[in-house]
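In what follows, a single structure is set out as structure tokens and then discussed.
The values are calculated or read from the model by the stated rules, or taken from the named source; none is laboratory data. No experiment lies behind these values; they were computed from the predicted model shown. Here the Cβ is made from the backbone with ideal geometry for all residues, glycine too, and neighbour counts use every protein chain on show.
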Amino acid sequence: MSLYTETCKQDISLGRKNYIYLTLVMAITDFKIKYDNSVLGYLWSLLKPLLMFGTLYLVFSVFVRWDVENYKLYLLLGIILWNFLAEVTLNSMVFLEGKAPILKKIYFPRWIIVIACSLTALLTLLLNMIVFFIFFVISGAQFSIGIFMLALYLLELYVLVVGLALFLSALFPKFRDVHHIWEVFVQLGFWITPIVYPISIVPAKYHSLIFLNPAARIIQGCRQALIGPTGEFLAFKNHIIIISFAVCFFAIGLGLFNKLSRSFAEDL
Amino acid sequence: MIAFEHVNKIFRLPHDRKTTLRQHFTRILQKHTYEKLYALRDINLYVESGEFLGIVGKNGSGKSTLLKLVAQVLEPTSGTISVNGNVAPFLELGVGFQWELTVKNNVFLYGALLGMSRQQIIEKYDWIIEFSGLERFVDAKLKNLSSGMQVRLGFSITVSVESPILLVDEVLAVGDIDFQHKCYDSFESFKKNGRTIVFVSHDLNAVEKFCDRVILLEEGKAIAEGNPLDVLNLYKSQEK
């Protein structure tokens, strides 16, 4: 059986165009491996946020009571979106470390690893959103035009989070404690951002500080779009602010990543 | 085509590697001490398309560094390198595989890593499985295969990548004799197909048999270059 149908001179550009396929294969592989040896398999990607939701819901609807319309949906959406941020940013560093043996041997653009990681998390996010919409329907909430707004917010969130992930994973091989520091930040951010509690319980003078965090704007925006009541975060201005943040993060992250990723093979 | 012009590669090996921020801060005032390791010094190299180049030398003479520079994984400290065409390296056992996945899944993952498209892998899939002799194990998890089988799988996938440049770094020693023969047969067919191969090996017989030209490295310098017999004789006489 002959392997080569023609000489390989025509294949001189082979490989360079196949980066998209490589990204997809890496993302799918990662998703498969993550749940491969567990009995519940893919269900875990749904159970994890649900368990977290269950615990927090128990605490904050029985022991403490907020005055929030549809608190169940409010909380679940917040947790799902924050989990996506945490998963992409933290896993991109872990993923990079895991791929070190390959990075030392084969050349491909290093950002493929970060993008693959973000796609895995995106898949989890989409599965989680399905669960959210099941809750949504059960609780009798009404679909509105806001669902299109949600897509825009998710896109903004994706760009923002990938920018962050690029920034962090660029630094990671040289400074390993970036991972630990970021873990603390993610924990801190979870409580500083109005995810569990309504923004109304925070004194007004701190609002501008809280909404310096573009992720907080996105989460509030998504809630107002889906659950209501409509408010300032649906305004055009909010999108402008978020998009400026997201594009800045992305540009800085990508720039730094391109610069530092050249020596990944030596640093990792 | 591969061209090296005055290529130097220096590794800086800090005496105490700083990998945490605290270490960076506490040491910022101290004098940095590191060992400079000259992995390659002033390498000039031109490999034509279709040439089979052998590289020999003792451990630590810079052979693997040279391959990594060709693969563009490392950047040279100074000098220029131009490589025309996609490079497929033969990976050592374990790199690039996922043990928890099936043989079939691994073919697609490994192929993608080496730069193949989905379409190309599908076209080559049957050939890869047949060449590696794993027809019965397609749906088995990779971790349950013997190391010989894994090497065969890796080799078969790499061979099926139609990249113009192949890098072979001492990976064939694990396979059995039958498989080694198969490998050497496929080297012959590479040569016929006009693919460039850079071959690093301690198996001097194989180097002599296949290479058109051999370079001898010593402490990062190319101390001899030319036809295999002469260079290998020099290398052997040095060892005594």
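Points worth noting:
- Helices (runs of 4 or more DSSP H) wholly inside segment A:167-257 containing at least 2 residues that are surrounded by fewer than 17 Cβ atoms within 10 Å (Cβ to Cβ) and out of contact with any Ser or Thr (no Cβ under 7 Å at 6 or more places or on another chain): A:177-192, A:207-210
The rows are residues; the columns are (1) surrounded by 18 or more Cβ atoms within 10 Å (Cβ to Cβ); (2) of a type outside the set (A, V, I, L, M, F, W, C); (3) closer than 30 Å to B:ASP42 by Cβ.
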| site | (1), (2), (3) |
| --- | --- |
| B:VAL151 | yes, no, no |
| B:ILE157 | yes, no, no |
| B:VAL161 | yes, no, no |
| B:ASP185 | no, yes, no |
| B:VAL198 | yes, no, yes |
| B:HIS202 | no, yes, yes |
| B:CYS211 | yes, no, yes |
| B:LEU216 | yes, no, yes |
| B:LEU234 | no, no, yes |
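- Sole exception among (1) away from chain B (no Cβ under 14 Å); (2) touching a Pro at 6+ places or on another chain (Cβ under 6 Å) for A:LYS105, by number: (1)
Per-residue answers, yes or no, for (1) at pLDDT below 90; (2) farther than 30 Å from A:SER144 by Cα:
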position	(1), (2)
A:TRP182	no, yes
A:PRO194	no, no
A:PRO229	yes, no
A:LYS237	yes, no
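- Pairs linking a residue in segment B:128-143 that is at positive phi to a residue that is surrounded by 13 or more Cβ atoms within 10 Å (Cβ to Cβ) and outside any helix (DSSP H, G or I), with Cβ atoms under 6 Å and 6 or more positions apart or on different chains, do not occur.
Yes/no per residue for (1) without any contact (Cβ under 8 Å) to a residue 40 or more places away in the chain; (2) over 26 Å from B:GLY85 (Cβ atoms); (3) assigned to a helix (DSSP H, G or I):
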| position | (1), (2), (3) |
| --- | --- |
| A:GLY78 | no, yes, yes |
| A:LEU81 | no, yes, yes |
| A:GLU87 | yes, yes, yes |
| A:GLU97 | no, yes, yes |
| A:TYR107 | yes, no, no |
| A:ILE115 | no, no, yes |
| A:THR120 | no, yes, yes |
| A:LEU125 | no, yes, yes |
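- Residue match in segment A:125-139 (condition: within 14 Å of another protein chain (Cβ to nearest Cβ) and buried (at least 18 other Cβ atoms within 10 Å of the Cβ)): no
- Residue that is farthest from the chain's Cα centre (by Cα), among those in segment B:183-231 that are under 27 Å from B:LEU37 (Cβ atoms) and part of a helix (DSSP H, G or I): B:VAL231
- Qualifying residue in segment B:43-50 (condition: assigned to a loop (DSSP other than H, G, I, E, B) and under 12 Å from the mean Cα position of the chain (by Cα)): no
- Pairs, first within 14 Å of chain B (Cβ to nearest Cβ) in segment A:242-263, second part of a helix (DSSP H, G or I) and of a type in the set (Gly, Ala, Ser), C-beta under 8 Å, six or more apart: A:LYS259/A:ALA170; A:LEU260/A:ALA170; A:SER261/A:ALA170
- Members of segment B:139-149 that are among the polar types (S, T, N, Q) and either over 20 Å from A:LYS32 (Cα atoms) or not in a helix (DSSP H, G or I) (or both): B:SER146, B:SER147
- Selection within segment B:150-180 - part of a loop (DSSP other than H, G, I, E, B), over 12 Å from B:ALA88 (Cα atoms) and touching a helix residue (DSSP H, G or I) at 6+ places or on another chain (Cβ under 8 Å): B:VAL171, B:GLY175, B:ASP176
- Reported count of residues in segment B:111-138, each being surrounded by 21 or more Cβ atoms within 10 Å (Cβ to Cβ), in a helix (DSSP H, G or I) and at the interface with chain A (Cβ under 7 Å from one of its Cβ atoms), is 2.
Table: residues versus (1) surrounded by 11 or more Cβ atoms within 10 Å (Cβ to Cβ); (2) modelled with pLDDT under 80.
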site	(1), (2)
A:SER38	no, yes
A:TYR42	yes, yes
A:TYR57	yes, no
A:SER61	yes, no
A:ARG65	no, yes
A:TYR71	yes, no
A:LEU76	yes, no
